[in-house]
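First comes the structure, then the notes that go with it.
The values are calculated or read from the model by the stated rules, or taken from the named source; none is laboratory data. Quantities reported herein were computed from a predicted structural model and do not represent experimental measurements. Positions of Cβ are backbone-derived with ideal geometry, glycine not excepted, and every protein chain shown enters the neighbour counts. Side chains are part of the model used for accessible areas, which takes the heavy atoms of the whole protein and leaves out ligands, DNA and RNA. Shrake-Rupley method; radii C 1.70, N 1.55, O 1.52, S 1.80 Å.
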Amino acid sequence: MKDEEIPLTLDDGPERSFEKAMLEIDGDSSNKINKNKVDLENMEDPLQNDSFEATNPSAPKKARPNSLALVPWSGENAKDYFCFRNGLISSAIEECKTELLTEDGGEIIGCWLLTEISFWDSEKERLIILTDKHLYTIKYDFIALKQLDQRKTPLDMIDTIIVGELSYPATSLIPSRNINGVRLMWGEGRPVSFLKKWNPFEKDIPFTTFTSHPLMWHKDEETKERRIFSVDDFVLELKKLFEDKIQTLQCSLQHRPILLENYIGVGALIHNKNSLGFFKVRGKFSF
């Protein structure tokens, strides 16, 4: 049975083109809390796909349409990624925990190495630390072994979570990715201003988008290690966290395609094709 249709919180989003759940709280009445609380456990799980099965060997296998790409792995050598070296990710995570997490930072829920997709469709390697209060997004140099930049997003600031396949506008020249992602939004659906939208150096964008790290699809990677590269695993933990926090957080969980507004994007194509957002061995040069 489908959930009851309710208005969206986004000003520019379609009203009835996706399935969604609304987590709400009204401090005036405990009865309203029970009325507005959505039973997410009974909601159809959007993560039942091949990449999710890779992290759950016991999950039932599903037939995949022939029109979809099998995996986005290009066949390049996994050892070219510096993070592939034994113990490097775990040591980087421990270093970031020590430097960033304070006593009031909250309890750690999980850590991942994912791909962040910028507003301009550039893929970037990022360490993710999720606590019950904040989301930390960290740029870590796996060559020099040091933290370069970080962003801390309070969870109570997030008002919308979109889970779905990464997609481009119908008129875009960019080929389809055929992979899932997640977008976390804040700012109550207010549109990005013209100046911010066309400034490639702008950092104050009211959302962030993640997908799995390329090593997620490396065929020789052990399943138990693969979870750290999986956006599906990140979404599962995020969903559990918001279920537990339903009485203190207000958030709309939506299942629909995630639009990447890249129409021609030659710069992003070159950047992504050469994995310039990842720390890799590149002949005589490494960056």
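Once you have a ≥ b ≥ c as the square roots of the Cα gyration tensor eigenvalues for the stretch 80-173, tell me rounded if a/c is under 1.5, and otherwise prolate or oblate according to whether a/b is larger than b/c. Oblate, since a/c reaches 1.5 and b/c is not below a/b. If a spin label sat at a point 7 angstrom from the Cα of T98 along the line to its beta carbon, the backbone N atoms of the stretch 139-180 nearer than 16 Å would be those of 141, 145-148.
Exceedance of the 20 Å cut-off in Cα-Cα distance is limited, within the set K196/K280; K133/K239; K139/K239, to K196/K280; K139/K239. The listed residues D141, D104, once ranked by accessible area (1.4 Å probe) with the largest placed first, stand as D104, D141. One decimal place: the segment L259-R190 gains 23.2 nm when fully extended, by the rule 0.36 nm per residue minus the C-alpha distance. Solvent-accessible area of D159, all protein chains in place: 30 Å² (probe radius 1.4 Å, heavy atoms, ligands and nucleic acids excluded). Each of W120, W198, W112, W217 has its accessible area taken with a 1.4 Å probe; listed largest first, they run W198, W120, W217, W112.
Can you send over the carbon and sulfur percentage of the accessible area for the stretch 102-171, probe radius 1.4 Å, protein chains only?
Using a 1.4 Å probe with all protein chains present, the stretch 102-171 comes out at 46 percent carbon and sulfur.
Computed from backbone phi with θ = phi - 60° and the Karplus coefficients 6.51, -1.76 and 1.60, the 3J(HN,Hα) list for the stretch 88-97 is 5, 5, 4, 5, 5, 4, 4, 5, 5, 4 Hz; x is used for glycine and proline.
Annotation: per residue accessible area for the stretch 129-175 equals 43 Å², rounded to a whole number [probe 1.4 Å, protein chains only].
Solvent exposure of Y168, expressed as accessible area, is near 40 Å², computed with a probe of 1.4 Å over the protein chains only.
Under the simplified labelling scheme, the E243-L276 pair shows an inter-label distance of 4.2 nm, with each label point 7 Å from Cα along Cα→Cβ.
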